[in-house]
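To start, the structure under review is shown below, and the notes come after it.
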Amino acid sequence: MKQLQVDGEKLLASLDGKLKDVRGRLTPNADMSKITWFRTGGPAELLFQPVDDDDLSAFLAALPEDVPVLPVGIGSNLLVRDGGIPGVVIRLSAKGFGQVRQLSDTRLEAGAVCPDKHLAARALETGLGGFHFYHGIPGAIGGALRMNAGANGVETRERVVEVHALDRKGERYVLSNADMGYAYRHSSAPEDLIFTRAVFEGVPADREQIRADMDAVQHHRETVQPIREKTGGSTFKNPEGHSAWKVIDEAGCRGLTVGGAQMSPMHCNFMINTGNASGYELENLGETVRARVLENSGIRLHWEIKRLGLFEPDRMVQEFQGQLV
């Protein structure tokens, strides 16, 4: 049996008595491969699933400050390393943080683990345009807020009014669109903030046109993306002035494999787990692609997928830092 690098039972025992007012579920050594869309990776030392905002705030306030905390959503763009994730992984529940409600004729509020496509569907129901692009993003609102997710020429920052969040001490914040500091696939909001919900604004539109826009997004995804594979979506950000898939293809990396990991033959900026790929194999493949692209074109790719946790002993992947000569 593989020896764990994290010890959730020990951590949980050390917190005995400190979390007496917490109502959510605590799971030691939680299997992250059941959460991430890659279906691989080591365990979370301790997984906490809060009931609601108040429960999360109480947990964070009671948790000793030296215990690392990492929030995750529905796991769509996460690559968890095989050694696991030390500290506490916070996974918001769909019941407490996954709802969408209408605030006004033009505004919707969505919880952080509401799937992006559910927000798009609710916008369609209420006749609000500007949300169709979410129909094609395989993630949840929290991740979209953090990385300014976008597709089909539209980005999250164009719809956000305000974002509700908690910090590491459990204190509450409301951030404006400007506070989020949005740029391409990036937000400069403090890393320790855990987003819980956000308010979005759309524009009244014809439902038939909204539906047509959503259908076009879906058709595009089904035609060019490996949506039925174990994948994390786009692996690398588009370099300025270039498409990531194109420079990957030109470097001869379409279909490239490392163990059970492969750059999709259908869309070569999608990395897939073809069967039983390890986190090591997936990350190794990504760094191999980065090296070959730089050598071929002089372009340095940057990860869009979030890589988390510890490497197993003797299976560390060095981040490629090659220089042009």
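The values are calculated or read from the model by the stated rules, or taken from the named source; none is laboratory data. As the structure is a computational prediction, the values presented were derived from the model and not from experiment. Cβ coordinates were reconstructed from backbone atoms using ideal geometry, including for glycine residues, and neighbour counts include every protein chain displayed. These area figures cover heavy atoms from the full protein model, side chains too; ligands, DNA and RNA do not enter into them. Shrake-Rupley method; radii C 1.70, N 1.55, O 1.52, S 1.80 Å.
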Quick check on the stretch 277-292. Is at least one of its residues open to solvent by 30 Å² or more (accessible area, probe 1.4 Å), more than 22 Å from residue 148 (Cα to Cα), more than 23 Å from the chain's Cα centre (by Cα) and at pLDDT 95 or above? yes
Taking residue 210 and the conditions (1) surrounded by fewer than 19 Cβ atoms within 10 Å (Cβ to Cβ); (2) in a helix (DSSP H, G or I), which numbered condition does it fall short on, given that it satisfies the others? (1)
Does any residue of the stretch 163-171 turn out to be charged (D, E, K, R) and within 14 Å of the chain's Cα centre (by Cα)? no
Restricting to the stretch 1-57, and then to whatever is without any contact (Cβ under 8 Å) to a residue 12 or more places away in the chain and under 29 Å from residue 229 (Cβ atoms), can you tell me which residue is most open to solvent (accessible area, probe 1.4 Å)? 34
Search result, residues across the stretch 191-207 that are of a type outside the set (Lys, Arg), closer than 27 Å to residue 167 by Cα and open to solvent by 50 Å² or more (accessible area, probe 1.4 Å): 191, 192, 201
Step by step: first the residues of the stretch 21-66, then only those that are touching a Pro at 6+ places or on another chain (Cβ under 9 Å) and part of a loop (DSSP other than H, G, I, E, B), then the one that is nearest to residue 85 (Cα to Cα). Which residue is that? 37
Please go through the stretch 218-268 and pick out each residue that is assigned to a helix (DSSP H, G or I), surrounded by 21 or more Cβ atoms within 10 Å (Cβ to Cβ) and either touching a strand residue (DSSP E or B) at 6+ places or on another chain (Cβ under 8 Å) or touching a residue at least 60 places away in the same chain (Cβ under 8 Å) (or both). 244, 248
So which residues in the stretch 1-53 are closer than 25 Å to residue 166 by Cα, in contact with a Gly (Cβ under 7 Å, 6 or more places away or on another chain) and of a type in the set (Val, Ile, Thr)? 35, 36, 51
Wholly within the stretch 76-190, strands (runs of 3 or more DSSP E) carrying at least 3 residues that are modelled with pLDDT of 95 or more and surrounded by 16 or more Cβ atoms within 10 Å (Cβ to Cβ): 85-91, 107-111, 160-166
Just for the stretch 70-125: of the residues that are without any contact (Cβ under 8 Å) to a residue 40 or more places away in the chain and of a type in the set (S, T, N, Q), which one is nearest to residue 38 (Cα to Cα)? 99
Please work out which residue is farthest from the chain's Cα centre (by Cα), limiting yourself to the stretch 172-227 and to residues that are under 19 Å from residue 146 (Cβ atoms) and among the basic types (Lys, Arg). 172
